[in-house]
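To keep things clear, I will list the structure first and then write my remarks on it.
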Amino acid sequence: MTDVIEVTGLTVRYAGATALDGVDLRVGAGEMVALVGANGAGKSTLVKALSGLLRPAGGTVVVRGRLAQVPEGREMFGDLTVDDNLRLGGWRNGRHGRDTGPVYELFPELAVLRRRRAGSLSGGQQQMVAIGRALMSRPEVLLIDELSLGLAPMVVAMLVAHLRDLHASRGLAVLLIEQNARLALELCERAYVLESGRIAVHGRSADLARDPRVTAAYLGGH
Ligand code: ATP
């Protein structure tokens with residue numbers, strides 16, 4: 001299987017402090033993979049390295065195909081409509097990038113809100129817009145930074161169902177960066193646990209969910 005993301009020996013330092021230390025991580029085509037870690041573990045640094053926003057001190061980052069990001073905090077243009085926010089995600093694709101139809105097919109809940117100001121939507125609705133906006137660039141891989149942050153469990157369950165559909169119907173690869181380890185392991189086939197800039201454990205989610213190192217620190221001991 002071709003990898004869409006291949007991170008090898010990635011090391012990032014900020015003014016002498018090491019934020020990532022020899023991180024190896026891969027995401028295969030059409031695979032759903034999670035990166036779990038506590039505050040300050042280095043998740044945001046990895047996201048920046050994947051988006052090319054910072055230059056590593058060592059190692060390599062290879063992304064094959066188009067990577068679209070669903071940023072932490074969703075980053076809507078609150079005064080623009082839902083439709084305009086979506087179109088901003090497709091600007092690279094020229095005229096074809098303006099067709100928001102496929103996103104509304106995927107998220108019928110958004111179709112009725114298309115003329116609403118994005119800033120007036122609920123957190124869950126905004127997260128759908130952020131995912132839809134990322135899909136407008138027709139990516140091979142979606143990088144989702146904190147899917148569940150600040151959202152009610154029912155809303156998260158609805159988003160998860162949508163992501164499962166997307167994965168099944170389009171074979172989209174997903175790298176999910178998540179503080180909620182339970183959710184991450186439930187949704188993704190494989191996962192990596194980042195601790196103080198290093199991958200402490202990785203493997204199949206089903207195995208990690210039973211691994212004492214993971215259950216004690218990330219799943220409340222169960
Ligand atoms: P959070 O979930 O809180 O965003 P994180 O896992 O994303 O945490 P990072 O933001 O990647 O963690 O930070 C990793 C480490 O690097 C932390 O110790 C942090 O204090 C440090 N760090 C992050 N950005 C900078 C910076 N610009 N300058 C110096 N140190 C930084």
**Asked** Given the conditions (1) surrounded by 17 or more Cβ atoms within 10 Å (Cβ to Cβ); (2) within 16 Å of the ligand (Cβ to nearest atom), and given that ALA209 satisfies all but one, which numbered condition is not satisfied?
**Response** (2)
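So, in the range 77-90, of the ones that are out of contact with any strand residue (DSSP E or B) (no Cβ under 9 Å at 6 or more places or on another chain) and assigned to a loop (DSSP other than H, G, I, E, B), which residue ends up modelled with the lowest pLDDT?
Ranking the candidates gives GLY90 first.
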**Message:** out of contact with any Asp or Glu (no Cβ under 8 Å at 6 or more places or on another chain) and free of Cβ contacts under 8 Å to residues at least 24 places away in the same chain: is that true of GLY101 in this structure?
**Reply:** yes
**Near pairs, Cβ below 7 angstrom, 6+ apart or cross-chain, from the range 34-57 (farther than 25 Å from ALA206 by Cα) to any residue that is within 11 Å of the ligand (Cβ to nearest atom) and part of a helix (DSSP H, G or I)** = LEU54/LYS48; PRO56/ALA49
**Request:** Return the total of residues in the range 174-204 being open to solvent by 50 Å² or more (accessible area, probe 1.4 Å), away from the ligand (no atom under 14 Å from the Cβ) and closer than 16 Å to GLN127 by Cβ.
**Result:** 0
**Request:** Under 7 Å between Cβ atoms, at least 6 apart or on separate chains: pull out the pairs that start in the range 13-24 with a residue that is of a type outside the set (A, V, I, L, M, F, W, C) and end on any residue that is assigned to a strand (DSSP E or B) and within 11 Å of the ligand (Cβ to nearest atom).
**Result:** ARG13/ALA19
**Message:** Condition check: closer than 28 Å to ALA216 by Cα, more than 9 Å from the ligand (Cβ to nearest atom) and in contact with a Ser or Thr (Cβ under 7 Å, 6 or more places away or on another chain). Does GLY59 satisfy that?
**Reply:** no
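Test ALA118 against the criterion of being more than 16 Å from the ligand (Cβ to nearest atom), of a type outside the set (Lys, Arg), touching a Leu at 6+ places or on another chain (Cβ under 8 Å) and in contact (Cβ under 8 Å) with a residue 24 or more places away in the chain, and give yes or no.
Yes, satisfied.
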**Complete:** Residue hits (the range 138-159; open to solvent by 10 Å² or more (accessible area, probe 1.4 Å) and touching a Leu at 6+ places or on another chain (Cβ under 8 Å)) are PRO139, GLU140, SER148, LEU151, VAL156
**Asked** Which pairs have Cβ atoms under 8 Å, sit 6 or more apart or on different chains, and link a residue in the range 151-173 that is more than 22 Å from GLY123 (Cα to Cα) and assigned to a helix (DSSP H, G or I) to one that is small (Gly, Ala, Ser) and open to solvent by less than 80 Å² (accessible area, probe 1.4 Å)?
**Response** HIS167/GLY30
**Request:** Name the one entry in ALA206, ALA217 that is within 26 Å of ALA17 (Cα to Cα) and not in a strand (DSSP E or B).
**Result:** ALA217
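The values are calculated or read from the model by the stated rules, or taken from the named source; none is laboratory data. Because the structure is predicted, anything quoted here is derived from the model rather than measured. Don't worry about glycine lacking a Cβ; one is built from the backbone with ideal geometry, like all the others, and counts go over all protein chains shown. Remember, those area values only see protein heavy atoms, side chains included, never the ligands or the DNA or RNA. Shrake-Rupley method; radii C 1.70, N 1.55, O 1.52, S 1.80 Å.
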